[in-house]
Amino acid sequence: MTTASQEVNEWIDGFLFVANRPILDFLNTKPVLTDGPTELLPDVRALERWLIASDMVTSPKAKAVVRGWRQSPEAAAFLDQLIAFRERLREAVVRIESGSSPTDAFLAEVNSLLLQHPRHTSLHKRDGMVVWETLFEPRKPTDLWAPIIDAAADLLAETESSRIRKCESCVVHFFDTSKKGSRRWCSMNICGNKLKVAAYQRRKRGD
Ligand SMILES: [Zn+2]
């Protein structure tokens, strides 16, 4: 966890983490860089790195299992499905950002995945308190649907949906957690400063 006073680590292992919601960070695995749209999840190895960087896969046991799938045709097939889902999720998010809601067809798809890949939870005692704990021990590549679809459903059911926004200057989506709800950019370092400098130069030139 980071606080406002800490330097936020925006890039982890080559992936952007500025969205405040892992599922939006997942959408942001296809940013537009200088050469145009870039697929940051081109293969299973990249997916493995993203799952670990995003903390979706955390236990040593789960990491070892996921690492074992580098040459797995099932994992490659899962990645194809996941990328296609990511783009349908992007459509749904764009609809939310424009004040609309996701299509019934998309909600039906999410519901079907929720049913097939339920989140496994249990109660534990920690410091005398009873807390929920998510058990995620993937055994096959499609088990990775569980944390992804759970996070997607969580976003779609977001009550403060007006805080789901796209950067004013690029394709990156984020969830605005600022107090005023006035965040405009994916990141000050990436787009904020660029725009501020551009505005300053325009003012200086007097146009
Ligand atoms: Zn941006």
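Key figures
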| item | result |
| --- | --- |
| The chain - mean residue ellipticity at 222 nm from DSSP helices (-39,500 (n - 2.57) per run, n ≥ 4, rounded to 500) | -13000 deg cm²/dmol |
| Unit charges on C-beta of K, R, D, E only; dipole of the chain, Debye | 820 debye |
| Kirkwood estimate for the chain, i.e. one over the average of 1/r between Cα atoms, Å | 18.8 Å |
| Cut-off of 10 Å, at most 15 other beta carbons, DSSP loop: longest stretch of the chain lacking such GluC sites (Glu not before Pro) | 40-157 |
| Unit charges on C-beta of K, R, D, E only; dipole of the range 39-147, Debye | 440 debye |
| Derived scalar couplings ³J(HN,Hα) [the range 128-137; Karplus, 6.51 cos²θ - 1.76 cosθ + 1.60; whole Hz; x for Gly, Pro] | x, 9, 8, 10, 6, 9, 8, 9, 10, 10 |
| Cα lying deepest toward the dipole's positive end in the chain, options Phe106, Leu51, Ala75, charges on Cβ | Leu51 |
| Lysine pairs within the chain, Cα separation less than 29 Å, 8 or more sequence positions apart or different chains | 23 |
| Accessible-area composition of the range 100-207, carbon plus sulfur, in percent [1.4 Å probe] | 53 percent |
| Rounded Å value of the spacing that divides the Cα centres of the range 64-85 and the range 139-206 | 27 Å |
| Accessible area expressed per residue, the chain, with surrounding protein chains retained (probe 1.4 Å, Å²) | 60 Å² |
| Per-residue ³J(HN,Hα) for the range 172-187, Karplus 6.51 cos²θ - 1.76 cosθ + 1.60, θ = phi - 60°, Hz, x for Gly and Pro | 6, 9, 8, 10, 6, 9, 5, 4, 7, x, 10, 5, 10, 10, 4, 6 |
| Residue-by-residue Karplus 3J(HN,Hα) for the range 110-115, coefficients 6.51, -1.76, 1.60, Hz, glycine and proline x | 4, 4, 5, 5, 4, 5 |
| GNM result for the chain, Cα springs below 10 Å: residue of Lys179, Lys166, Lys194 fluctuating most strongly | Lys179 |
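The values are calculated or read from the model by the stated rules, or taken from the named source; none is laboratory data. Computed from a predicted model, the values in this text were never measured in an experiment. Quick reminder, even Gly has a Cβ in these numbers, built from the backbone with ideal geometry, and neighbours come from all protein chains shown. To get the accessible areas, we keep the full protein, side chains included, count just its heavy atoms, and leave off ligands, DNA and RNA. Shrake-Rupley method; radii C 1.70, N 1.55, O 1.52, S 1.80 Å.
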